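Some notes on the structure that comes next.
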Amino acid sequence: MIQKVKGTYDVLPSETSKWQALERTIRNVSRIYNYREIRTPMFEQTELFHRGVGEETDIVSKETYDFMDRGNRSNTLRPEGTAPVVRSFIENKLYADKNPVQKLYYMGPMFRYERPQKGRYRQFAQFGAEAFGSDSPMLDAEIIGYAVSVLKALKITDVSVNINSIGEEESKANYKEALINYLAPDISSLCSDCQTRYQKNPLRILDCKVDKDSDVLKNAPKPLDYLTEESKAHFVQVIGYLDSMGIDYKIDKNLVRGLDYYTHTVFEVNANLETLGAQNTICGGGRYNNLVSSLGGPKTPGVGFAFGLERLMFALESINFLGDPDYLHLYLMILGDDLKVEGTRILNRCRLGGLFADMDYLDKSMKAKFKQAEILNARFVAIYGEEEHQAKMINVKDQESGQEVKVPLDQLYNYIVAELMKPAHSCSSCSEDSCDSCGSDECDCDSEEGTCNCGGK
Ligand code: HAM
C-alpha cells in the first residue's frame, strides 16, 4: 500500500468543517482589519528564498524542497510566504497602486524539510499577513493587534505575546559585533549548533533551546541595549500603541527570530498548551524594512506575521472547538425500481432550489435507510413509494419533532423550505427542553401567540 509522505497528513471529511470554520474566522477578521487576500504560486525560483529569507538561515540552508524542472531551472517549494508576497508586490508594481499602504493576507501550504513531530510537519499551512508602505509604529501595533484579534475571534485565550526589537541595520550590526566579542572566550562551552551559528548567524544563539539556561547566554548582551535612538523611539511607540489597544504582551529580550529579513520589531505568540511541547509558537512575525529593496523593488517598509494553522487547530481542539456540524435538510427514500426516475427528478428539484439533500443508493431495508438518515443528520426524511406515487403525494417526516405529514409531490420543496424558515421555539414560558411553568418536556406551546398550553405567558 502506498502511504502518505513522512511529515504530511490528510484532512479527512470529518475534520474539514473545523478547518473551514477556522478559515472563515480568519477571513472575517482580515476583512475587519482591511487586509485583502493575495495568492501566490506554491513554488518559486530558488534564488528568491536564498536572497529573501537568507542563505545562512536554517530554513534555506537545511529545509527547502528544491528541484530542477525539465528546463534545468532550479525551483523551490515555498517554505514561507513573505518572500513570495514581496516578489509579487514588486513584480506587479503594487507599490504604485492608488493605495500606498498595501495590506495583504494569504493562506496555504508551505514546505520545510524538518524533523516531523506533533505540530511540526513537512507540508504545513500558514495564514500570514503583510503590510507594505509605511514604517509607522502604528502598523507594527496593528499587525500584532490583528493577530491577537484572530485568536480572540477563535476564543483561544491562553496565549502569550512576546515582543522585542532588534533595530534597523546599524543597531543590528552594533549588536552583532558586541555579541561576537562577548561570546569569543566561551564559544566552545556552547552546543555544536551554537558553534556553527557563531560563524554564520550569531543572533540565533540567543534563542538556543539547549543553552538557554547557561550563564554565558543569560549574561549575554541583548539587542535592546544596542538600539540607536531612532530604533529605540520606534520600539517605545509600538509598545505605547499596544498599551492603548489594551493588548497584553511581554518584552522578551532574547527574541530574535530565525529569518534574516527582520528589522525593528519582532514578535511571537505562544500557546500555553502542553500537548504542543516545544512547538507551541503559533505565530511569528515582525518588521522588515529592507526586504523589498533587497529583492529589487523600491525602498518600501513592510511588517507582517504568519500563523501555523495546524498549531492553531491543536489550540482549538484543546478548547473543544467543534466546527460546523454536518447535516442535511432532506434525505429521500425511494421505494421501488420503477420510481427511481421520478424520485431522482424530485431530489434534483430540491437540490436546484438549494436544499442540502441526499438519497439512499443501496436499496437496503427501511430500518437501514432510517439509520442512514440519522447518521447523515437529516432534518427531514421523505418517503416515496408506490402508494405516494399513485396519490401524487409524498410522506415527509421531521426527524426533530417526529411529526409526519403527507405533502403534494410538487410541494415537497416549498414545504421543507417553509418548515426550515419557521422561527425557533420562542415561547417565553417554555425553555427548549422543558416548560418553565409546568416542567413538562412535551409542553405544546404556541410560539406565535407567545402563549403556552400550560397557562404560562
Ligand atoms: P516562521 O516563524 O518561520 O515565520 O513561521 C511562522 C509560523 O509557522 C510558526 O510560528 C509556526 O506556527 C508555523 N510553522 C513553521 N514551521 C512549521 C512546520 N514545519 N510545521 C508546522 N508549523 C510550522 C515565517 O514563516 C515568516 N514568513 C512570518 C512573517 C510574515 N514575518 C513577517 N511576515
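The values are calculated or read from the model by the stated rules, or taken from the named source; none is laboratory data. Just so it is clear, the model here is predicted, and its values are computed rather than measured. Note that each Cβ is placed from the backbone with ideal geometry, even for glycine, and that neighbours are counted across all protein chains shown. The area values use the complete protein model at the heavy-atom level, side chains included, leaving out ligands, DNA and RNA. Shrake-Rupley method; radii C 1.70, N 1.55, O 1.52, S 1.80 Å.
Consider ALA147 carefully, then state whether it is assigned by TED's automatic domain parsing to the domain that holds ARG24, within 24 Å of ALA271 (Cα to Cα) and surrounded by 20 or more Cβ atoms within 10 Å (Cβ to Cβ). Yes; evaluated as a whole, the condition is true for this residue.
Filtered by the rule that a residue be surrounded by fewer than 24 Cβ atoms within 10 Å (Cβ to Cβ) and among the β-branched types (Val, Ile, Thr), region 300-316 gives a lone residue, THR300. Scoring ASP225 on the criteria (1) within 15 Å of the ligand (Cβ to nearest atom); (2) in a helix (DSSP H, G or I); (3) among the acidic types (Asp, Glu) leaves a single failure, condition (1).
Can you work out which of the residues in region 157-201 that are acidic (Asp, Glu) and not in a helix (DSSP H, G or I) is most open to solvent (accessible area, probe 1.4 Å)? Break it down stepwise before answering.
Initial filter on region 157-201 (acidic (Asp, Glu)): 158, 168-170, 177, 186, 193.
If we keep only those that are not in a helix (DSSP H, G or I) as well, we get 158, 168.
On the way: ASP158: 92, GLU168: 33 Å².
So, considering only residues that are acidic (Asp, Glu) and not in a helix (DSSP H, G or I), the one most open to solvent (accessible area, probe 1.4 Å) is ASP158.
When we screen MET68, MET42 for residues that are of a type in the set (A, V, I, L, M, F, W, C), at pLDDT 95 or above, within 20 Å of TYR121 (Cα to Cα) and surrounded by fewer than 17 Cβ atoms within 10 Å (Cβ to Cβ), the only hit is MET42.
Considering ILE239, ILE187, the condition of being more than 22 Å from LEU291 (Cβ to Cβ) and modelled with pLDDT under 95 is satisfied by ILE187 alone. Scanning region 263-302 for residues that are touching a helix residue (DSSP H, G or I) at 6+ places or on another chain (Cβ under 6 Å) and within 7 Å of the ligand (Cβ to nearest atom) gives ILE282, CYS283.
Look at VAL29 and say whether it is touching a helix residue (DSSP H, G or I) at 6+ places or on another chain (Cβ under 7 Å), closer than 27 Å to GLY323 by Cα and aliphatic (A, V, I, L, M).
On the way: touching a helix residue (DSSP H, G or I) at 6+ places or on another chain (Cβ under 7 Å): yes; closer than 27 Å to GLY323 by Cα: yes; aliphatic (A, V, I, L, M): yes.
Yes.
All conditions but one from (1) within 17 Å of ASN219 (Cα to Cα); (2) modelled with pLDDT under 95 apply to ASP158; the one that does not is (1). Report, by residue number, each residue of region 305-314 that is closer than 24 Å to SER165 by Cβ and out of contact with any helix residue (DSSP H, G or I) (no Cβ under 6 Å at 6 or more places or on another chain). ALA306, PHE307, GLY308, listed by residue number.
Can you confirm whether region 127-138 contains a residue that is more than 10 Å from the ligand (Cβ to nearest atom), modelled with pLDDT of 95 or more, in contact with a strand residue (DSSP E or B) (Cβ under 9 Å, 6 or more places away or on another chain) and of a type in the set (Ser, Thr, Tyr)?
Applying the first criterion (more than 10 Å from the ligand (Cβ to nearest atom)) to region 127-138 yields 132-138.
Next cut, modelled with pLDDT of 95 or more only: 132-138.
Those left that are additionally in contact with a strand residue (DSSP E or B) (Cβ under 9 Å, 6 or more places away or on another chain): 132-135, 137.
Filter again for of a type in the set (Ser, Thr, Tyr), leaving 134.
Looking through region 127-138, at least one residue is more than 10 Å from the ligand (Cβ to nearest atom), modelled with pLDDT of 95 or more, in contact with a strand residue (DSSP E or B) (Cβ under 9 Å, 6 or more places away or on another chain) and of a type in the set (Ser, Thr, Tyr).
The number of residues in region 81-113 being near the ligand (Cβ under 10 Å from one of its atoms), open to solvent by 30 Å² or more (accessible area, probe 1.4 Å) and part of a helix (DSSP H, G or I) comes to 0.
Scoring LEU224 on the criteria (1) open to solvent by 60 Å² or more (accessible area, probe 1.4 Å); (2) of a type in the set (A, V, I, L, M); (3) closer than 26 Å to HIS264 by Cβ leaves a single failure, condition (1).
Contact map, region 283-311: first residue closer than 21 Å to ALA147 by Cβ and among the β-branched types (Val, Ile, Thr), second residue open to solvent by 10 Å² or more (accessible area, probe 1.4 Å) and not in a loop (DSSP other than H, G, I, E, B), Cβ cut-off under 8 Å, separation 6 or more or different chains; pairs are VAL303/LEU139.
How many residues are in contact with a strand residue (DSSP E or B) (Cβ under 8 Å, 6 or more places away or on another chain) and either not aromatic (Phe, Trp, Tyr) or not assigned by TED's automatic domain parsing to the domain that holds GLU374 (or both) when one looks only at region 345-361? Before the answer, list the steps.
Taking region 345-361 and keeping what is in contact with a strand residue (DSSP E or B) (Cβ under 8 Å, 6 or more places away or on another chain), we get 346-347, 350-351, 355-360.
Those left that are additionally either not aromatic (Phe, Trp, Tyr) or not assigned by TED's automatic domain parsing to the domain that holds GLU374 (or both): 346-347, 350-351, 355, 357-360.
Result for region 345-361: 9.
Please go through region 273-299 and give me each residue that is hydroxyl-bearing (Ser, Thr, Tyr), open to solvent by 10 Å² or more (accessible area, probe 1.4 Å) and not in a helix (DSSP H, G or I), ordered by number. Residue satisfying the conditions is THR281 alone. Scanning region 49-80 for residues that are in a loop (DSSP other than H, G, I, E, B) and among the hydrophobic types (A, V, I, L, M, F, W, C) yields a total of 1.
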